[in-house]
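Rule-based calculations on the coordinates, nothing more; no lab input. Worth saying up front: this structure is predicted, and the values here are computed from it rather than measured. With ideal geometry, Cβ positions are generated from the backbone for all residues, glycine too; neighbour counts draw on all protein chains shown.
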Amino acid sequence: MTEVTYERYDGQDGTRRLDALLPAYEEVYAEPPYREGPRDVAEFIDRYQVQAQRTGFRLVLAREGGGEGEVVGFSFGYLLSADTYWWNNLLEPMPKDFTTETGDRTFAIIELAVLKPWRRQGIAAGLHDRLIEGLVVERVTLTMRPEPEAAPAQSAYSAWGYRKVGRSHPWEEAPIYDAMVLDLS
C-alpha cells in the first residue's frame, strides 16, 4: 500500500468536503452489519450537512498518497452544546454532573471509518488522533455497535483509553449502541 496523508478541516471547510468522503462512506456502510442503501446514504447526507454546521465541527480525511488521492478513511465530530440530547439516549440514566454539557466540555465523534483494504494499518488511530488533537475539552464521547458486531472497533477504542459508560438508543429504528467516553483531563 502507498503512503497515507491526512487533512483536517474545521467548521465550514468541512462542509465543502462531503463529496470527497461520500464514496468512502457508501463503501464502508454497504458492508455488514450496516448494509446501507441509497435511502440511508441520502439520510447521511442530510445529517452531515446539519452536523457540519455545529460548533467545533472537525473533519479528518485519510487519502491514498497526497493531494487529491482517494479517500481511504474519514472521521468527524463536533462539540456537544449545552442543550444537547446526547445523554438523553442512554438506557440507564447517568448522574446530572456527568450529563451536564457547557458547549465546550465534550467533543462527540460521529463517524470514524476506513475502507476494508486499508484496515489494520493504523489509519483509524491516525484519523482519531488528528481529530482530537489540540481540543481543549474534558472528554470525548462516541457511540458504537457492541461486540461481537464491532469487536475490532471495540478493541481499538479500549486500547485508546475509552471506557463504556452505558448503552444508547438514539432513535427508534436504531440498534442499541455502546456509549463510550475518553477522559482527557
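Go through the range 33-125 and name the trypsin sites (Lys or Arg not before Pro) that are in a DSSP coil and have 12 or fewer other Cβ atoms within 10 Å of their Cβ. Hits after loop and neighbour filter: Arg35, Arg120. Based on the Cβ-Cβ distance from Arg35 to Asp129, what FRET efficiency comes out when R0 is 41 Å, to the nearest 0.05? Calculated transfer efficiency: 0.90.
Once the Kirkwood radius over Cα pairs is known for the chain, the Stokes-Einstein relation at 4 °C and 1.567 mPa s delivers a diffusion coefficient of 77 µm²/s. Of Ser81, Ser155, Ser185, Ser75, the sequence from fewest to most neighbouring Cβ atoms within 10 angstrom is Ser185, Ser155, Ser81, Ser75. The slack in the chain from Gln53 to Glu27, taken as 0.36 nm per residue of separation less the alpha-carbon distance, amounts to 6.9 nm. Of the chymotrypsin sites (Phe, Trp or Tyr not before Pro) in the range 117-185, the ones in a loop by DSSP (not H, G, I, E or B) with at most 10 other beta carbons within 10 Å are Trp171.
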